[in-house]
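Student: After the structure tokens below, expect a handful of questions from me.
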Amino acid sequence: MTSICPNCGSAEVLLRHQGRKVCSSAGIAAGSAGGAAGAWSGAQTGALLTAWTGPVGITVGSLAGAVFGALAGGAAGGMTGARIGSELDERVLDNRECHACGHTFRVEAIPPKSSL
């Protein structure tokens, strides 16, 4: 969808994606924290699965389980944050910026016409 700047009429309009950037970063941080909390469980599982290889296997399995738990949590949190941020961009924030004059604005959704 091409936007026209309401200030100068230029068609050189860029999407800013500020909400998506901020919310995905916050989601990654929160998801990683949650994943790190669940990493203890992952470390125990990894240690249990690699216990037959001895002390080295237990150590490596524990570390791999903890890292995987944090990465999985961060990825899930980042995706959720990006979706929330995209909604904020479209509905709340001035998500478009004119490259010609620097004006920021939001494109208002056109309500559907009544069928009456």
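Student: Under the rule of -39500 (n - 2.57) per DSSP H run of 4 or more residues, summed and divided by the residues of the chain, what mean residue ellipticity at 222 nm is obtained, to the nearest 500 deg cm²/dmol?
Tutor: So the calculated ellipticity at 222 nm is -21500 deg cm²/dmol.
Student: Can you give me the long-range amide H partners of SER10? Hydrogens built in the peptide plane at 1.01 Å from N, cutoff under 5 Å, separation of 5 or more residues or another chain.
Tutor: Amide H neighbours of SER10: CYS5.
Student: Packing-wise, with mean Cβ within 10 Å as the measure, how do 4-10, 14-20 rank, highest first?
Tutor: Values: 4-10: 13.6, 14-20: 15.9.
Going from most to least packed, we get 14-20, 4-10.
Student: Next question. Mind checking the dipole of the chain: about its Cα centre, +1 per Lys or Arg Cβ, -1 per Asp or Glu Cβ, Debye to the nearest 20?
Tutor: Computed charge dipole of the chain: roughly 100 debye.
Student: Using the Karplus curve 6.51 cos²θ - 1.76 cosθ + 1.60 with θ = phi - 60°, what ³J(HN,Hα) values do you get for each residue of region 74-81, in whole Hz, with x for Gly and Pro?
Tutor: Per-residue couplings from phi come out as x, 5, 5, x, x, 5, 5, x Hz.
Student: Which parts of region 66-95 would a label at LEU14 reach, counting a residue when its backbone N lies under 14 Å from a point 7 Å out along Cα-to-Cβ?
Tutor: Only 95 pass the distance filter.
Read the figures in this text as sums done on the coordinates, not as results from a lab. These figures come from a predicted structure and were not determined experimentally. Every residue, glycine among them, receives a Cβ derived from its backbone with ideal geometry; neighbour counts consider all protein chains shown.
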